[in-house]
Amino acid sequence: MGHLFRRTVFFTFLVISCLGISGCTKDEKPTLFDMVYVFNVDMPAALNTIQTHFVEFDKVPTRIEAILADYGLTTADIGQIEPYNAQLEVVLAPTSLDYFQEIFIELIDSPNRYECFYTPNVPLNTGSRVILVGTLADFKPWLTQSAMNLRMGFRLRQPSPSALSFTLRLTFKAKA
């Protein structure tokens, strides 16, 4: 009987401890809406592995006025806008993207550059899609303007095997 009592007390203590630890996490600010941007990117064949290559997206409409109107919000309701994730995916080809070494997306505010998304080392078995993670920066000052300038940079492990078309999808989360 004493052994069963100690076991019950131990498991009760364990459960209470676990609940107490998990309850100490920082409260996440609620997401108000997502801002999604999709780009088509063409890459020529035989790009070299020595330099970093860039694709520029100038004066991309943020569509912030329409998004705020849809949700009945104002820019004052937005506390911050965080990069969530990005995906680079091959269009109409089952080609593996493991020849990419590094991919990053920057917001350009001349003369400054701010990294939004990155993948420092593309996995060798990546398949036809690469997922980039968002940084922890707040992009509200730029994504609440009418347009923004973006740049995708990448380095290759080996020369690109053929000309390919990609879809680049960026997702930002506006939070309260």
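The values are calculated or read from the model by the stated rules, or taken from the named source; none is laboratory data. Bear in mind the structure is a predicted one, so any value in this text is a computation, not a measurement. Counting neighbours? That spans all protein chains shown, and the Cβs are built from the backbone with ideal geometry, glycine included.
Worth a mention:
- Members of region 143-163 that are surrounded by fewer than 18 Cβ atoms within 10 Å (Cβ to Cβ) and either in a strand (DSSP E or B) or of a type outside the set (S, T, N, Q) (or both): A147, N149, R151, G153, R155, R157, P159, P161, A163
- Some residue of region 134-142 being in a loop (DSSP other than H, G, I, E, B), touching a residue at least 12 places away in the same chain (Cβ under 8 Å) and closer than 19 Å to T49 by Cα: no
- Matching residues in region 103-134 - criterion: being among the acidic types (D, E) and either surrounded by fewer than 16 Cβ atoms within 10 Å (Cβ to Cβ) or over 17 Å from the mean Cα position of the chain (by Cα) (or both): D109, E115
- In summary, strands (runs of 3 or more DSSP E) completely within region 41-122 and bearing 2 or more residues that are under 21 Å from A163 (Cβ atoms) and modelled with pLDDT of 90 or more occur at 53-61, 80-90, 100-109.
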